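This report refers to the structure that appears directly beneath it.
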Amino acid sequence: MNIPWGVRRIRAPKAWNRTTGQRVKVGVIDTGVDFQHPDLQHTLERGINLLQRTMLPQDDNGHGTHIAGSIAAANPVRGMIGVAPRSAIYPVKAFDYNGTAFVSDIILGIEWCVRNRMDVVNMSFGMTTRSKSLLGAVNNAYRSGVLIVASSGNDGKRGTIDFPARFANTVSVGALNRQGRIAKFTNRSALVDIYAPGDKVESAWLRGRRRIMSGTSMATSHVTGAIALLLADKPGLKPGEVKEILKRSARPLRNVKAPRRAGELDVMRMLQTADKIKSASPARESG
């Protein structure tokens, strides 16, 4: 069984006897997915193609397929396994074959995810300009119970990260390499919420193939998968609670001198933290 290094690193396989992400709806706003990919056959729902409304959100770039594979690939015999193999991927194609998109289409994608009750949305992309309308869409999703996971960006900047990861109501993700160190290409600042594997990550690609890619995009998909595992185990959690659990349960980064730095994603610690928080919260009347 091919379990990629990142899936092992975050200790997802140790959680699979408890949660596999079953019935959690994951929106992936990206370039679409390869609907014929053997690693993804069991995890794909129809989704929507915002560029050509009558067509399936078929991937003509590869990026979206790679992201979907890390989140939810489920082909234990000859293929690979993603972080949350029983979760359901709803591809939202807002990006064209070049991997570019209009902000207006991204906003339509977020609105579609809210309307169709996604539990978590993966947004493995970033931009350097702030968009007020994108902020509005992100905040509306958050208030509606839909958590957005976004990439910090790949320009190797210090002290600043991309939008929409820079918005408060997202989970912003930086990338780690196999040694557990922050990858050189990662944008980093105090606004990064969590770090996850993003360097030389193997996942699904077009025409049934696989490819190794590096980027905060890849790290983001690991965090989205972990959230799917958490939400299958604890269905009632609100976006703010999920974010709190992620941050509180992160493993401290190695070789980092700075205090109170965001840590590394660890699925087992995340589930244990959620257990503690849930048992400590007061009972509410359900009348």
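Values for this structure:
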| item | result |
| --- | --- |
| Odd one out for Lys200 among (1) of a type in the set (D, E, K, R); (2) at positive phi; (3) in contact with a Phe, Trp or Tyr (Cβ under 7 Å, 6 or more places away or on another chain) | (3) |
| Sole residue being crowded, with 22+ Cβ neighbours inside 10 Å and modelled with pLDDT of 95 or more, chosen from Ser131, Ser152 | Ser152 |
| Some residue of region 31-39 being in a loop (DSSP other than H, G, I, E, B), surrounded by fewer than 20 Cβ atoms within 10 Å (Cβ to Cβ), more than 13 Å from the chain's Cα centre (by Cα) and touching a residue at least 40 places away in the same chain (Cβ under 8 Å) | yes |
| Every residue from region 238-253 that is over 20 Å from Ser124 (Cα atoms) and touching a helix residue (DSSP H, G or I) at 6+ places or on another chain (Cβ under 6 Å) | Ile245, Arg248, Ser249 |
| Subset of region 185-228 that is among the polar types (S, T, N, Q) and surrounded by fewer than 24 Cβ atoms within 10 Å (Cβ to Cβ) - its residue that is farthest from Gln272 (Cα to Cα) | Ser214 |
| All positions within region 98-116 that are outside any helix (DSSP H, G or I) and either loosely packed, with under 13 Cβ neighbours inside 10 Å or of a type in the set (D, E, K, R) (or both) | Asn98, Thr100 |
| Flag for Ile106 being in contact with a helix residue (DSSP H, G or I) (Cβ under 6 Å, 6 or more places away or on another chain) and not small (Gly, Ala, Ser) | no |
| Number of positions in region 14-30 that are outside any loop (DSSP other than H, G, I, E, B) and either without any contact (Cβ under 8 Å) to a residue 12 or more places away in the chain or surrounded by 16 or more Cβ atoms within 10 Å (Cβ to Cβ) (or both) | 7 |
| Enumeration of residues in region 203-227 that are under 22 Å from Gly126 (Cα atoms) and part of a helix (DSSP H, G or I) | Thr216, Ser217, Met218, Ala219, Thr220, Ser221, His222, Val223, Thr224, Gly225, Ala226, Ile227 |
| Region 46-67, subset touching a residue at least 24 places away in the same chain (Cβ under 8 Å) and either closer than 24 Å to Asn2 by Cβ or hydroxyl-bearing (Ser, Thr, Tyr) (or both), residue surrounded by the fewest Cβ atoms within 10 Å (Cβ to Cβ) | Asn61 |
| Test: residue in region 230-242 that is in contact with a Phe, Trp or Tyr (Cβ under 9 Å, 6 or more places away or on another chain), in contact (Cβ under 8 Å) with a residue 60 or more places away in the chain and closer than 19 Å to Trp16 by Cα | no |
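The values are calculated or read from the model by the stated rules, or taken from the named source; none is laboratory data. Given the structure is predicted, the values throughout are model-derived calculations rather than measurements. We place every Cβ from the backbone using ideal geometry, glycine too, and count neighbours over all the protein chains shown.
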